[in-house]
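Working notes, beginning with the structure itself.
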Amino acid sequence: MQQLGLDTQSFENLRNNECVYVDKTEVIYRMITGGRIYFLSRPRRFGKSLLVSTLEAIFKGKKDLFEGLYIYDKWKWEEYPIIKIDWAGIIHSTPEKMEDSLVLYLNEIAEDYQIILEAKSAGDCFRKLIKALHKKTGKKAVILIDEYDKPITAHLTDSCLETIKTNVHDFYQVMKNSDEYLQFVFLTGVSKFSGLSIFSALNNPQDITLDREYVTICGYTQEELESNFSEYIDRAAEYLEMTREDLLEQIRYWYNGYTWDGKTAIYNPFSTMNFFENRRFNNYWFSTGTPTFLIDLIQRRNCADIALNPVVVDGKIFAGYDPANIGEVSLLFQTGYLTIKKIELIDGRAQYMLDIPNSEVSESLLTYLVQAYGKYPDEQIAELRRKIHRQISDCDEPGFARSLEMMIATVPYDIHIPQEHYYDSLILMWMRLTGFNTRAEEHNNLGSSDLVWEQPGLTVVAEIKYHAKKKINTLLNEALKQIHERRYYNKYTGKVLLLGIAFSGKQPGCRMEVLKRT
């Protein structure tokens, strides 16, 4: 079997070491022959750096690396001078360190071309390097910028954000003034921030983030997964003692589900390859970086429901973002915790339904939310999952009541919100974390239940009540009465558990009733 090449994002190394490379050169060829200046947004660890490295090899004229790939006999192979800027390799902890690091970075590129830059500022170095490359080689320069937004996203909540924004703006502005010396420009990152010169200048770079022609440029389609990793699929199926079909279904459930056109499902490449390497389903992508700033934002704005339920937005959300005032939906989408699941035209305008892409993201995000809301220690999350799952399955009313008490006791006073909506979100997070297929606001013709979750052989219909002063029994009576009066259970077959959950102030309680059909 070919190696997976998990430890490299270099196209040249992948090809020289005969590692698996999913051929993206057909869509790359379409891009480099159809335009000149592009921007692409994708979540972290989604193959952006490998894409940039592939473009670098193409514009360096390294034809031999592409033997057997789509582009091999179609591209006019010639070498261009290249300025590749990878912000992961540039210090940006402060504006001053960022400036010094950029100057050093650009001088190292200049040295590779035997060019001496007599300039002190990063902007002047960039400008002189572009012009000097053209003068020395007689060709226009290719500029490839990976993680263009990294210095901004690293300082979203810092006091130096405005200074960083200004410095980044001035640096990128150089490309506008050097347009006559540029052959091709490609920038990639996580977010499309407004107010930066790359989006207001540069002859309006083509944003291909949601372009149907380029939705497969990063990540794997189902066909690519099965054709490029066939041996790994068989190996994992044998190791896990599963059929190939069942294994593929599980891989799809865990790591597929990203879409940028509402139709073409894409696998997370980082998680997928880690699974094939380890032959174990796990939260690979999510565990590479705790989304602390996301969880903090969700807590501050009390908007956990946005991360747990589908949300419908219009196209304005994708136009650009103010880094100093980015909305929670925009941030969740840009960072990969929400993806486009469906696009509909309503009165001629596109409406986008966003939702969590797959099980990996859902389970991991919910774990962090429960920990953030309830301050629950890491080592107890797994035990909590097993305990609540057993209590629901066994209709253990006293046990589940104790779990509710534990949950509410761990919620810090300063994030306690005396609203029913708050408790709806909190219970929803907990129940999804236990492994039930939990849905909020499940409708019938008489109304909608607060929560429904299920497992084979059992459906739970839950109603949640909150009041600052009413007694627990009164609230539980109201909850069960509402379930019966509005017949929330009518559409379900098999065993149905009716569950009333109530909070009198901070005091929780529950009541369980197995539905008896007449």
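The values are calculated or read from the model by the stated rules, or taken from the named source; none is laboratory data. Since the structure is predicted, the reported quantities are computational estimates derived from the model, not experimental observations. Ideal geometry is used to build each Cβ from the backbone, glycine not excepted, and the neighbour counts take in all protein chains shown. Accessible surface is based on the protein model in full, side chains and every heavy atom, while ligands, DNA and RNA are left aside. Shrake-Rupley method; radii C 1.70, N 1.55, O 1.52, S 1.80 Å.
Dipole size of the chain about its Cα centre, with +1 on Lys/Arg Cβ and -1 on Asp/Glu Cβ: approximately 1120 debye, rounded to the nearest 20. The loop-placed trypsin sites (Lys or Arg not before Pro) in the stretch 425-505, going by DSSP, that have at most 11 neighbouring Cβ atoms within 10 Å of their Cβ come out as Lys469.
Its relative contact order, with pairs defined as Cα atoms under 8 Å and 6+ residues apart, puts the chain at 11 percent. Principal-axis analysis of the Cα atoms of the chain puts helix 230-239 at an angle of about 40° to the longest axis.
Distance distribution note for the stretch 217-324: the fraction of Cα pairs above 21 angstrom is 51%. Extending 7 Å from the Cα toward the beta-carbon at both Ala350 and Thr221 defines two label points whose distance is 1.9 nm.
Taking all protein chains as they are arranged and a probe of 1.4 Å, the heavy atoms of Arg390 leave approximately 120 Å² accessible to solvent. Counting protein heavy atoms only, the chain has 45 percent of its accessible area on carbon and sulfur, 1.4 angstrom probe. Rounded to the nearest 0.05, what FRET efficiency do Glu245 and Leu515 give with R0 = 30 Å and r taken as the Cβ-Cβ distance? Could you check? That gives a FRET efficiency of 0.30. The alpha carbon centroids of the stretch 296-345 and the stretch 55-134 are separated by 34 Å. When Lys and Arg each count +1 and Asp and Glu each count -1, what net charge do the other residues less than 11 Å away from Pro508, Cβ to Cβ, add up to? Spelling it out: positives minus negatives among the neighbours equals +2. Taking the square roots of 5 times each eigenvalue of the Cα gyration tensor of the stretch 14-121, largest first, gives ellipsoid semi-axes of 29, 18, 14 Å. Summing Lys and Arg as +1 and Asp and Glu as -1 over all other residues whose Cβ lies under 13 Å from the Cβ of Lys342 gives a net charge of -1. Return one number: the angle in degrees, 0 to 90 and rounded to the nearest 10, between the long axis of the Cα atoms of helix 161-177 and the longest principal axis of the Cα atoms of the chain. Around 40 degrees separate the two axes. Axis of helix 269-278 versus longest Cα principal axis of the chain: the two differ by about 70°, to the nearest ten degrees. Applying the criteria of a DSSP loop state and at most 11 other Cβ atoms within 10 Å to the GluC sites (Glu not before Pro) of the stretch 24-107 yields Glu67, Glu78.
With all pairs of separate Cα atoms included, the chain yields a Kirkwood hydrodynamic radius of 25.7 Å.
In the structure shown, the pairs Lys48/Lys84; Lys48/Lys150; Lys48/Lys165; Lys48/Lys192; Lys470/Lys506; Lys465/Lys495 are assessed against 18 Å; a Cα-Cα span above that value is assigned to Lys48/Lys165; Lys465/Lys495.
Per residue, the accessible area of the chain comes to 45 Å², computed with a 1.4 Å probe over protein heavy atoms only.
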